[in-house]
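Undergrad: After the C-alpha cells below, expect a handful of questions from me.
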Amino acid sequence: MKQYLLSVHMVEGDPLPPPETMQKMYRDVNALNAEIQKAGAWVFAGGLHPANTATVVRVQDGEVLTTDGPFAEGKEHIGGFWVIQAADLDAALAWATKATRACGGPVEVRPFQENAEG
C-alpha cells in the first residue's frame, strides 16, 4: 500500500470557532482517528503549534543559518496532518473527505515518493 500525507491547512489570523464548535471538532477528529486505526490505514498523525513557533534551518554560502517563523511567507500554513496508507489515491481521497468534515479545514492529499529500495 502507498502512504499519503493528509495535511490540514489553517489561515493565519482567522478567528477561532466558538468553544462548543472546537469541542465538536476534537470529538470528530478523535472518532476519525479511531476509524482510520480500525481500518488499518493509520501510520501517524499530529497537530502542530502555530506557524510563528517554527524555526527554519538552511545552509547559505556554506554557513548554517536559523531563522524564526515558517519557511513560506503567507497566511496559510499546515496546522496538522495524518500519514495514512491506502490502496490508491481514491482511497486516500475518501479519508481526506472524512478528515475535512471532522476538522473543518481544507485537507491536501499528497502521495509519498516510492522508496528506491523497496
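Undergrad: Determine which aspartates and glutamates satisfy two conditions relative to Lys98: a Cα distance under 18 Å, and not lying fewer than 8 residues away in the same chain.
TA: Asp28, Glu35, Asp88, Asp90, Glu108
Undergrad: Same structure again: Size of the dipole of the chain about the Cα centre, Lys and Arg at +1 and Asp and Glu at -1 on the beta carbon, nothing else charged, in debye to 20? Write down the numbers at each step before the final one.
TA: Numbers: 9 positive and 15 negative charges, 108 e Å.
Using Cβ point charges on Lys, Arg, Asp and Glu, the chain gives about 520 debye.
Undergrad: Under the Karplus relation 6.51 cos²θ - 1.76 cosθ + 1.60, θ = phi - 60°, what is the ordered set of whole-Hz ³J(HN,Hα) values for the range 74-85, x standing for Gly and Pro?
TA: Per-residue couplings from phi come out as x, 9, 9, 9, 6, x, x, 6, 10, 10, 10, 10 Hz.
Undergrad: Here is a follow-up. Just want the answer: with Cβ charges of +1 for Lys and Arg and -1 for Asp and Glu, which residue in Ala31, Leu93, Gly69 is farthest toward the dipole's positive end in the range 2-111?
TA: Ala31
Undergrad: Another question, then. May I ask for the percentage of alpha-carbon pairs in the range 2-48 that lie more than 17 Å from each other?
TA: On the way: 510 of 1081 pairs.
The share of Cα pairs beyond 17 Å in the range 2-48 comes to 47 percent.
Undergrad: Right, here's the next one. Taking the Cβ of Thr97 as the centre, find all other residues whose Cβ is under 14 Å away and add up their charges (Lys, Arg: +1; Asp, Glu: -1). Don't skip to the answer; put the middle values down first.
TA: Numbers: positive: Lys98, Arg101; negative: Asp28, Glu35, Asp90, Glu108.
That works out to -2.
Undergrad: Let me ask something else about it. Which ordering of Trp82, Trp95, Trp42 is given by a fewest-first count of other beta-carbon atoms within 10 Å? Walk me through the numbers on the way to the answer.
TA: Working: Trp82 26, Trp95 21, Trp42 16.
Going from sparsest to densest Cβ surroundings: Trp42, Trp95, Trp82.
Undergrad: Which entry in [x] 17.3; [y] 9.4; [z] 6.6 is this structure's computed mean projected area of the Cα convex hull in nm²?
TA: Correct label is [y].
Undergrad: OK, next. Check which residues have an amide H placed less than 5 Å from Glu12's amide H, if you skip close sequence neighbours.
TA: Excluding prolines and chain starts, which carry no amide H, the hits are Glu76, His77.
Undergrad: Pull out the extension gain between Glu35 and Gln23, defined as 0.36 nm times the separation in residues minus the alpha carbon to alpha carbon distance; nm, one decimal. Write out the running numbers ahead of the final one.
TA: Working: separation 12, 0.36 × 12 = 4.32 nm, distance 1.84 nm.
Stretched fully, the Glu35-Gln23 segment lengthens by 2.5 nm.
Undergrad: What order do you get for Met1, Met10 when you list them from fewest to most C-beta neighbours inside 10 Å?
TA: On the way: Met1 13, Met10 20.
In increasing order of surrounding Cβ atoms, one gets Met1, Met10.
Undergrad: Can you list the residues, at least 5 places off or on another chain, whose amide H is less than 5 Å from the amide H of Lys2, using H built in the peptide plane?
TA: Ala86
Every number here is computed from the coordinates shown, using simple stated rules; none is lab data. The shown structure was predicted, so the numbers you read here are calculated from the model rather than taken from an experiment. A quick note on method: Cβ atoms are made from the backbone with ideal geometry, for glycine too, and the neighbour counts reach across all protein chains shown.
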